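Have a look at the structure below, then the notes.
The values are calculated or read from the model by the stated rules, or taken from the named source; none is laboratory data. Just so it is clear, the structure is predicted and the values come from calculations on it, not from any experiment. Glycine also receives a Cβ, built like all others from the backbone with ideal geometry; neighbour counts cover every protein chain displayed. Surface areas here come from the heavy atoms of the whole protein model, side chains and all, with no ligands, DNA or RNA. Shrake-Rupley method; radii C 1.70, N 1.55, O 1.52, S 1.80 Å.
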Amino acid sequence: MREAVSFCRICLAQCGTTVTIDDAGIPVAVRGDKANALTAGFACSKGVDGAAMHSRKDRILKPLKRMPNGSFSQISLNQAAAEIAEKLSALIARDGPEAIALYSGTASYFNTTLTKLLPAFTRAIGTPNRFTPLTIDASSMVVRMARMGMWGAGRQRFDTSNVWMMFGINPLISPRSNGVPPFNPTKKFKAAKDRGMHVIVVDPRRTETARYADQFLQVRPGADAALASAMLRIILDEGLHDQAFCDAYVDGLDRLRAAIEPFTPEHAATLAGIAAEHIRAAARAFAGPGKRGCADPGTGITMALFSNVSDHMIELLNIVCGRMARAGETFANPVPLAPAKPVYAEVSRPPRWWESGHKMRAGGYGMIWTDDGGELPTAALPDEILLPGKGQIKALLSVGGNPGVAFPDQHRTIQALKSLDLLVSIEPIMTPTARLAHYVIPPKLMYERTDIPILFGQGTRVPMPFSQYTPPVASPPEGSDVAEEWHFIWDLSRRMGLQLIVAGKPLDMEHAPTSDDILDLVTADSQVSLDEVRRHPHGKLFEMEQTVLPARPEATARFDVMPDDVAEELDRYRAHMLAAEQSPYRLTVRRMRQTMNSLISDPAQLDPKKRFNPAYMHPDDLVALGVTSGARIEIASDAGVLVATVEHDDSVRPGTVSMSHMWGGLPDEPADPYGAACTSLLVSMKGCEPINAMPRMTNIPVRIRAVERETEPAN
Ligand SMILES: Nc1nc2c(c(=O)[nH]1)N[C@H]1C(S)=C(S)[C@@H](COP(=O)(O)OP(=O)(O)OC[C@H]3O[C@@H](n4cnc5c(=O)[nH]c(N)nc54)[C@H](O)[C@@H]3O)O[C@H]1N2
Ligand SMILES: Nc1nc2c(c(=O)[nH]1)N[C@H]1C(S)=C(S)[C@@H](COP(=O)(O)OP(=O)(O)OC[C@H]3O[C@@H](n4cnc5c(=O)[nH]c(N)nc54)[C@H](O)[C@@H]3O)O[C@H]1N2
Ligand code: SF4
Ligand SMILES: [Mo]
């Protein structure tokens, strides 16, 4: 047994860890690394369970090929790469580069070498078909920036703020990249409260985060844009906004005032099912002289019907109150492993990327953004696969994702995945997606890889100039033939005769570089050298203060706070809210502490009572349905139907059913023995957002009835 220092790569907090490794090189235990310069010993339960992933009994250790009779056969990595490269090349020759699509899922983000190779691969092929979970998660944030304009220096930071307002976000359970720092969120909240921060939480469920709230608004789902609009109205009417900031940087304040005119506090209160006085109190607590801090939307907003306009109205609270980092302030994180880049207190013009360039055949959707080859809306991918004709997608490479349970309208998704000529899943376990694949390529797992923390855009992941490097600290199980993922992509490219360009430089396509070569290449121009970072195994907080610079004279752009399309969406939103759909219940999203989307470190180690996603409902609703906790209920939407296990939970607003995503299997498989169910069955593409095809994934109108339990729960 030995101990090694590394960091966790399950979510973007990337907490420093100490890993106990057995004599065979297999990780057997993980704990937070007390000496880590940033995370100082913190690791959540998922991180602590992270060793188990490496030695799961059902971990795939050799590539699998689906045989004509549907069974899977083990083949070598070399053979798999040769066959896949040949099939991809043949499809490109026959149908053109658009026949190839890449979906890089959540697990592909926390692997820096891979994040650099994947866009190089699709660029070298010449296909625009790049998809990620961003567009089935939070792409309203991109749409909002691309319609409103972007502030060069970012928002005010959580750790220097005295007010924070959260709409449909639960950072105590679900670490995110903006707002509340992702590691040790409970400690961050306690410290903020001790400093006197006023916390406002807007959620249909009294969440773990709501325990820290000075004001908790238990809204009806879907009412957030009305609530934000009413708050804006109060703030502007009472002069609580930052007039100087608006004079300098904002266009269209009069159009904004006109658009929000109908949203009186009383009107919004009726729509949200709360008291108007509480909306006034929230507006006055959030805005006014001496206040610092932001309004932050989570998936409760970005997955809602009208997500784009809802997100926009919430961000306007930050804009009209001037909650942006200003000239002379310290910039949160200059990213030691990125090149030096000055940041300016200025607005850049709304780029509206989707209005020019490539359009999908299905639905005519454009690019969500264009850097590095850009990406297209994932929810439209199944239709793009199914639509015959020139440009049809014939092969999908899924890397670190699980489309079979992640994509909306599961029936449609499965139909599309089954229709492909080639589906490759780079995946360590036999997920529903892998079960449909022609080839399953098992990867090395996190502690078997060299890595640095993800190089997101400046300052977004953690609000400090922190970095770390980890070598591989563990070995894959003996006899395995698992892929270093970036290398697998390089090898496919080599066999296909493609030239990969990484960080602007052509990669050697004859002799394989090492992981360190790739990391050296992508950090070649960084402010702190990677060698310096390598000298600090516990990571280092670098002393590198960066000050926000004043706007440049040529920066004349201003925030466009109410473009015509946003005004039109706000009108449609209000009409929709007034029309009040006929549905007894609304299904809302939530996340669970022990899982990361569909990933559980090792389900075999979970208490059987926790091996499924309960449908949490208010006790009064259980009485109305005539059921008790543990009973089976059928939940039906316009898109589909599922059977779930109900659990009483008085933190849930009556009339809502709160349920986590990405459990369960494929629709034609036997029901999960523990009672897990896939909520994507209930997600319809009807009424999805016109720009980014974002479907309604929360606040879904559903009908519920009690059903007989067909089998006893497994234990
Ligand atoms: N433990 C854990 N952490 C995770 C993940 C995980 O699966 N597990 N997933 C990661 C990923 S991929 C993401 S995208 C992030 C997501 O991070 P969050 O966006 O914080 O996700 P949730 O924790 O589901 O919180 C969403 C909240 O929105 C509320 N809500 C639902 N509908 C509405 C509505 O109409 N209005 C309002 N105001 N609220 C609503 C729900 O009740 C819930 O409390 O979490 C990341 N972190
Ligand atoms: N109905 C509904 N649908 C949703 C959501 C919802 O709330 N409701 N949430 C949406 C959100 S926020 C997101 S982000 C998406 C997530 O969608 P995806 O990113 O497609 O799903 P994940 O479950 O995160 O997929 C991660 C996969 O990577 C595998 N994996 C783990 N480690 C590694 C590794 O080292 N290498 C590789 N190659 N694979 C690895 C895991 O086994 C898992 O199958 O789903 C979205 N879909
Ligand atoms: S919060 Fe948990 S899962 Fe995320 S990096 Fe830290 S230990 Fe890993
Ligand atoms: Mo997500």
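Taking the criterion of being of a type in the set (Gly, Ala, Ser) and within 30 Å of PRO465 (Cβ to Cβ), the residues of segment 495-529 that qualify are ALA503, GLY504, SER515, ALA524, SER526, SER529. Checked against the criteria, LEU118 does not count as over 27 Å from MET231 (Cα atoms), open to solvent by 10 Å² or more (accessible area, probe 1.4 Å) and in contact (Cβ under 8 Å) with a residue 40 or more places away in the chain. Looking across segment 129-145, just one residue is away from ligand 1 (no atom under 15 Å from the Cβ) and surrounded by fewer than 21 Cβ atoms within 10 Å (Cβ to Cβ), and that is MET145. The residues on offer are SER680, SER658, and the sole one that is under 28 Å from the mean Cα position of the chain (by Cα) and within 16 Å of ligand 4 (Cβ to nearest atom) is SER680.
Within segment 171-207, restricting attention to residues that are open to solvent by 30 Å² or more (accessible area, probe 1.4 Å) and hydroxyl-bearing (Ser, Thr, Tyr), the residue that is nearest to ligand 4 (Cβ to nearest atom) is SER177. Scanning segment 146-172 for residues that are in contact with a helix residue (DSSP H, G or I) (Cβ under 8 Å, 6 or more places away or on another chain), away from ligand 1 (no atom under 16 Å from the Cβ), assigned to a helix (DSSP H, G or I) and more than 23 Å from GLY357 (Cα to Cα) returns a single hit, ASP159.
When the residues of segment 482-528 are filtered to those that are assigned to a loop (DSSP other than H, G, I, E, B) and of a type in the set (Asp, Glu), the one that is farthest from GLU545 (Cα to Cα) is GLU510.
Within segment 200-223, the presence of at least one residue that is in contact (Cβ under 8 Å) with a residue 12 or more places away in the chain, of a type in the set (Gly, Ala, Ser) and out of contact with any strand residue (DSSP E or B) (no Cβ under 8 Å at 6 or more places or on another chain) is confirmed.
Within segment 289-307, residues that are at pLDDT 95 or above sit with their Cβ atoms under 6 Å from residues that are within 13 Å of ligand 4 (Cβ to nearest atom) and not in a loop (DSSP other than H, G, I, E, B), at 6+ positions apart or across chains, in these pairs: THR299/VAL589; THR302/SER140; MET303/VAL589; SER307/SER140.
Can you work out which of the residues in segment 1-52 that are among the polar types (S, T, N, Q) and open to solvent by 20 Å² or more (accessible area, probe 1.4 Å) is nearest to GLY539 (Cα to Cα)? For segment 1-52, the residue satisfying everything is THR20. Looking only at residues of segment 2-18 that are at pLDDT below 95 and at negative phi, we find that the one that is nearest to ligand 1 (Cβ to nearest atom) is CYS11.
Of the residues making up segment 608-622, those that are open to solvent by 20 Å² or more (accessible area, probe 1.4 Å) and either within 16 Å of ligand 3 (Cβ to nearest atom) or in a strand (DSSP E or B) (or both) number 1. Quick one: is GLY239 closer than 29 Å to PRO408 by Cα and either modelled with pLDDT under 95 or open to solvent by 10 Å² or more (accessible area, probe 1.4 Å) (or both)? So GLY239 fails the test.
For (1) at negative phi; (2) within 16 Å of ligand 3 (Cβ to nearest atom); (3) at pLDDT below 95, each residue gets a yes or a no:
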residue	(1), (2), (3)
VAL643	yes, no, no
ASP649	yes, no, no
VAL652	yes, no, no
GLY655	no, no, no
GLY664	no, no, yes
ASP668	yes, no, yes
TYR674	yes, no, yes
CYS678	yes, no, no
LEU681	yes, no, no
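Entry remark, segment 623-653: residues being open to solvent by less than 40 Å² (accessible area, probe 1.4 Å) and under 13 Å from VAL707 (Cα atoms) number 12 in total.
The condition (being away from ligand 4 (no atom under 16 Å from the Cβ), out of contact with any Phe, Trp or Tyr (no Cβ under 7 Å at 6 or more places or on another chain) and open to solvent by less than 30 Å² (accessible area, probe 1.4 Å)) is satisfied by just one residue among VAL566, VAL548: VAL566. ARG94 meets each of the listed conditions (1) in contact (Cβ under 8 Å) with a residue 60 or more places away in the chain; (2) basic (Lys, Arg); (3) away from ligand 3 (no atom under 11 Å from the Cβ) apart from (1).
With respect to the stated conditions, ARG593 is charged (D, E, K, R), within 9 Å of ligand 1 (Cβ to nearest atom) and not in a strand (DSSP E or B). Within 26 Å of MET430 (Cα to Cα), buried (at least 19 other Cβ atoms within 10 Å of the Cβ), within 16 Å of ligand 1 (Cβ to nearest atom) and at pLDDT below 95, is that true of MET697? For MET697, the condition - within 26 Å of MET430 (Cα to Cα), buried (at least 19 other Cβ atoms within 10 Å of the Cβ), within 16 Å of ligand 1 (Cβ to nearest atom) and at pLDDT below 95 - is not met.
When segment 180-219 is filtered for residues that are assigned to a loop (DSSP other than H, G, I, E, B) and within 16 Å of ligand 2 (Cβ to nearest atom), the ones remaining, listed by number, are PRO182, ASP203, PRO204, THR207.
Under the condition of being assigned to a loop (DSSP other than H, G, I, E, B) and open to solvent by 10 Å² or more (accessible area, probe 1.4 Å), the residues counted in segment 282-298 number 5.
When each of LYS394, LYS390, LYS341 is tested for being touching a residue at least 40 places away in the same chain (Cβ under 8 Å), under 22 Å from GLU427 (Cα atoms), more than 25 Å from the chain's Cα centre (by Cα) and surrounded by fewer than 23 Cβ atoms within 10 Å (Cβ to Cβ), the lone residue that passes is LYS394. In summary, MET577 fulfils each of the numbered conditions (1) free of Cβ contacts under 8 Å to residues at least 60 places away in the same chain; (2) crowded, with 21+ Cβ neighbours inside 10 Å; (3) touching a helix residue (DSSP H, G or I) at 6+ places or on another chain (Cβ under 6 Å) with the single exception of condition (1). Scanning segment 322-338 for residues that are out of contact with any helix residue (DSSP H, G or I) (no Cβ under 9 Å at 6 or more places or on another chain) and buried (at least 20 other Cβ atoms within 10 Å of the Cβ) yields a total of 6. Among the residues of segment 1-44, those identified as closer than 23 Å to PRO336 by Cβ, more than 16 Å from ligand 2 (Cβ to nearest atom) and among the charged types (D, E, K, R) are ASP33, LYS34. THR17 passes every criterion in (1) within 16 Å of ligand 4 (Cβ to nearest atom); (2) outside any loop (DSSP other than H, G, I, E, B); (3) of a type outside the set (Asp, Glu) apart from (1). Residues of segment 427-436 include none that is touching an Asp or Glu at 6+ places or on another chain (Cβ under 7 Å) and of a type in the set (D, E, K, R).
Do we find that THR127 is of a type outside the set (Gly, Ala, Ser) and more than 10 Å from ligand 2 (Cβ to nearest atom) in this structure? Considered against the rule, which asks whether it is of a type outside the set (Gly, Ala, Ser) and more than 10 Å from ligand 2 (Cβ to nearest atom), THR127 comes out as yes.
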